[in-house]
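Below is one structure; the comments refer to it alone.
The values are calculated or read from the model by the stated rules, or taken from the named source; none is laboratory data. Keep in mind it's a predicted model, so treat the numbers as computed, not measured. Glycine gets a Cβ as well: all are built from the backbone with ideal geometry, and neighbour counts include every protein chain shown. We work out accessible area using only protein heavy atoms, side chains counted, and drop any ligands, DNA or RNA first. Shrake-Rupley method; radii C 1.70, N 1.55, O 1.52, S 1.80 Å.
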Amino acid sequence: MTSGVRLILLGKQGSGKGTQAVRLADHYGIAHLSTGDLFRAAARAGTPSGLEAIEYMDRGELVPDDIVLKVVREQMRRGGLMDDGFVLDGFPRTLAQAEALEAELAAADRPLDVAIDLEVPTEIVLDRIAGRRVCEDCGTTYHLTMPPKVAGVCDVCGGTVSQRDDDTEASVMRRLELYHTATMPILDFYRGLGRLVEIDGMGSGDEVFDRVRTAVDGRLGG
Ligand code: ADP
Ligand code: ZN
């Protein structure tokens with residue numbers, strides 16, 4: 001029985017976390033929670049936390065931990081994710097967030113199954129992000145070399161496909177720097193807990209997904 005599996009996805013901007021998270025959610029029948037998507041939706045809806053978050057996002061800075069944790073806790077509770085399983089995409093992104101998540105899961109007696117690190121060299125992610133185009137409504141990602149069938153219109157939901165406001169060169173450099181300083185320490189944290197699997201993130205979405213699924217199933221003993 002593989003339902004109810006609890007996963008997190010780690011990896012640089014442009015490493016393919018969003019793409020793999022969607023596939024994992026579908027394959028294991030679990031919820032997909034992307035903090036970036038959540039904040040963008042909250043900002044569009046004009047909620048206080050959304051408007052505060054977008055100030056940081058547009059500059060490529062991290063949203064403060066207290067805001068992030070509040071929003072994530074709310075979503076986990078509301079969706080019943082502790083019991084039904086989840087794949088977290090873009091969270092945790094600081095050691096404090098990882099420790100808070102670990103404490104919540106331990107308190108609920110619902111330990112994390114696997115922390116997946118998607119490894120892609122920086123020069124490749126720079127190229128991926130420069131050409132990245134995203135659906136404003138459902139978050140499906142495209143690339144200049146793999147556009148939607150109708151220019152600017154999402155294949156999945158018909159929403160508008162555009163470049164993200166924070167995919168500018170300055171913001172991307174800052175986000176990659178923060179990935180190294182703030183997020184990389186998390187890898188050691190999960191390695192120490194024996195939960196980390198490192199996956200080669202190069203190749204097609206299908207190839208990467210096969211690697212990820214095989215690694216997760218191996219961990220689940222299935
Ligand atoms: P990317 O991985 O390309 O940065 P995301 O959509 O995951 O894209 O995140 C966009 C922005 O949202 C981040 O640059 C950051 O400002 C904010 N954000 C998302 N998740 C977190 C988090 N867990 N902690 C702090 N900030 C976050
Ligand atoms: Zn869409």
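Got a sec? Which of 60, 79, 131, 85 is open to solvent by 10 Å² or more (accessible area, probe 1.4 Å), away from ligand 2 (no atom under 16 Å from the Cβ) and either under 25 Å from residue 181 (Cβ atoms) or of a type outside the set (S, T, N, Q) (or both)?
79
Filter segment 134-170 for residues that are open to solvent by 40 Å² or more (accessible area, probe 1.4 Å) and among the aliphatic types (A, V, I, L, M); which is nearest to ligand 2 (Cβ to nearest atom)?
Of everything passing the filter in segment 134-170, 156 is nearest to ligand 2 (Cβ to nearest atom).
Take the conditions exposed (fewer than 14 other Cβ atoms within 10 Å of the Cβ) and among the hydrophobic types (A, V, I, L, M, F, W, C) and apply them to residue 173. Does it pass?
Yes; evaluated as a whole, the condition is true for this residue.
If you go through segment 151-203 one residue at a time, how many are part of a loop (DSSP other than H, G, I, E, B), more than 15 Å from ligand 1 (Cβ to nearest atom) and on the phi < 0 side of the Ramachandran plot?
So the answer is 9.
Out of 128, 110, 133, I need the residue that is part of a helix (DSSP H, G or I) and farther than 18 Å from residue 39 by Cβ. Which one?
So the residue among 128, 110, 133 that is part of a helix (DSSP H, G or I) and farther than 18 Å from residue 39 by Cβ is 128.
If you take the residues of segment 33-52 that are under 16 Å from the mean Cα position of the chain (by Cα) and surrounded by 16 or more Cβ atoms within 10 Å (Cβ to Cβ), which of them is farthest from ligand 1 (Cβ to nearest atom)?
33
Suppose the filter is more than 16 Å from ligand 2 (Cβ to nearest atom), within 24 Å of residue 208 (Cα to Cα), surrounded by 14 or more Cβ atoms within 10 Å (Cβ to Cβ) and touching a residue at least 60 places away in the same chain (Cβ under 8 Å); does residue 117 pass it?
Against the criterion (more than 16 Å from ligand 2 (Cβ to nearest atom), within 24 Å of residue 208 (Cα to Cα), surrounded by 14 or more Cβ atoms within 10 Å (Cβ to Cβ) and touching a residue at least 60 places away in the same chain (Cβ under 8 Å)), residue 117 qualifies.
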